[in-house]
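Right, one structure below, let's go through it.
The values are calculated or read from the model by the stated rules, or taken from the named source; none is laboratory data. Note that the coordinates shown come from a computational prediction; the quantities given were computed from them, not determined experimentally. Every residue, glycine as well, gets a Cβ built from its backbone with ideal geometry; the counts of neighbours run over all protein chains shown. Only protein heavy atoms, including side chains, enter the accessible area calculation; ligands, DNA and RNA are left aside. Shrake-Rupley method; radii C 1.70, N 1.55, O 1.52, S 1.80 Å.
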Amino acid sequence: MRKVALHNLGCKVNAYETEAMQQLLEERGYEVVPFAPGADVYIINTCTVTNIADRKSRQMLHKAKKMNPNAIVVAAGCYVQASKEDLQVDEAIDIIVGNNKKQDIITILEEYEADHEYEGSFINIAQTKEFESLSLNKTSDHTRAYVKVQDGCNQFCSYCIIPYARGRVRSKKSSEIVEEITALANNGYQEVVLAGIHLSSYGMDLLDEEGHGNKESLLSLILNVHEIPGIKRIRLSSLEPRIITEEFVKTISKLEKICPHFHLSLQSGCDETLKRMNRRYTSGEYYSKCQLLRKYFTNPAITTDVIVGFPQETDEEFQTTKAFLEEVEFSETHIFKYSMRKGTKAAEMDGQVNDQVKGKRSNELLRLNEEKQTKFERLHQGKEVEVLMEEQYEMDGKLYYVGHTKEYLKVAIPSKSDLTNQIIRGTIIGTVKPHILLCKKL
């Protein structure tokens, strides 16, 4: 039996594709082993979102070859798609597989093993309209399943290489998504996360019977998934502000399975910076979307991403962003120091901000995030919650089971019993550790 080790770099969509490849390999009879010496095949699903991601991808590929020089090393994914010429001459790599070709991993490996000659498997990702045929009926997480429903992006933010690596917007048919999630529900999964490279664009490429667009939308997909027996929670991955309309929010607020946890991409709270980023909305428009969510949901978790040190960001612009974060009151903010990505417009801009300034600004926002996150958690003290239990956890010599509420608050319940994948009702009565709330079972 051939032994294969897989390693994933990057986003949740990448993680989904890595698990889908693993499932295909297991069905073919491969033994999946840890990413350590001893495998016959190493598959690294690469990331290219920053120059640092490229470097990490190269490091993992070279590490694989060092662990077993006789093994087949496969480079797959976004870094491959964006920089295939560099990888084709890298002697540590035996096979390169671009995006939309991971579905063919079995054929690719078997053809290589037959004659040890393989130039690589690629398509022109900018031209394809095909959604890659991958699916899962189980994942490494025993309670929550990420399901890739959309790929590609048409936005072309000035800092982002992903539209070049992932191509244009492509959506999986709703009927196929329902079939996949039904299989997951039948295998005991109670929570699904609808994920995509640009989830808000779901359906814009799907045509109706007359050949017109918008046969499906993210809203229609959510309504279909809501009807699947066994699924108790529906979570949405990162959203763009434009999807937050009165109709959208009003409709999903009536669906009991929807988690009131919304990751709404921001990147900057300063309009001048947003313009340079090509983000296509203003801070005022963004703020109104947050208010709309709070109109229909009581204390929803609204999380976001912010980039500090974007080219030409002045101290004044940074302070505008900080003031905006103060005003919105996010439950959690993910802060990133701008990282140049070769091939993007932002990399060619004048006024690159030095690392010391980026670090200072990042630390300021990290302190603010700590304050806001703690404040949001305090809002739930004394409140009754439902927790989907995930794993056992030992803290200070005591045994707990840890899981998440619908708002994605991390909660611990004292228990020596196995509570995995159970939804437990309880009351928040304190904290166990920073950002781990203590819950008493009802």
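When the criteria are applied in full, residue 327 meets the requirement of being under 27 Å from residue 378 (Cβ atoms) and among the charged types (D, E, K, R). In the stretch 280-289 there is no residue matching the filter, namely being under 27 Å from residue 190 (Cβ atoms) and more than 24 Å from the chain's Cα centre (by Cα).
From the list 121, 133, the lone residue that is hydroxyl-bearing (Ser, Thr, Tyr) and under 28 Å from residue 265 (Cα atoms) is 133. A search for C-beta distances below 7 Å between a residue of the stretch 188-199 that is open to solvent by less than 20 Å² (accessible area, probe 1.4 Å) and any residue that is part of a loop (DSSP other than H, G, I, E, B) and basic (Lys, Arg), counting only pairs 6+ apart in sequence or on different chains, returns 191/232. Of everything in the stretch 410-422, what is open to solvent by 60 Å² or more (accessible area, probe 1.4 Å) and assigned to a strand (DSSP E or B)? Give them in sequence order. Hits for the stretch 410-422 are 410, 414.
Inspection of the stretch 207-214 finds no residue satisfying the criterion of being out of contact with any strand residue (DSSP E or B) (no Cβ under 8 Å at 6 or more places or on another chain), within 27 Å of residue 49 (Cβ to Cβ) and of a type outside the set (Gly, Ala, Ser).
Figure legend. Inter-residue proximity from the stretch 299-310: first residues small (Gly, Ala, Ser), second residues modelled with pLDDT of 95 or more and in a loop (DSSP other than H, G, I, E, B), beta-carbon distance below 7 Å, spacing 6+ or different chains. Indicated pairs: 301/260; 301/331; 301/407; 301/408; 309/338; 309/353. Just one of the listed residues (86, 115, 141, 94) is modelled with pLDDT under 95 and more than 25 Å from residue 31 (Cα to Cα), and it is 86. From the list 311, 229, the lone residue that is part of a loop (DSSP other than H, G, I, E, B), modelled with pLDDT of 95 or more and either buried (at least 18 other Cβ atoms within 10 Å of the Cβ) or of a type in the set (A, V, I, L, M, F, W, C) (or both) is 311.
Filtering the stretch 324-341 to residues that are out of contact with any Cys (no Cβ under 9 Å at 6 or more places or on another chain) and either surrounded by fewer than 19 Cβ atoms within 10 Å (Cβ to Cβ) or in a strand (DSSP E or B) (or both) leaves 326, 327, 332, 333, 334, 335, 336, 337, 339, 340.
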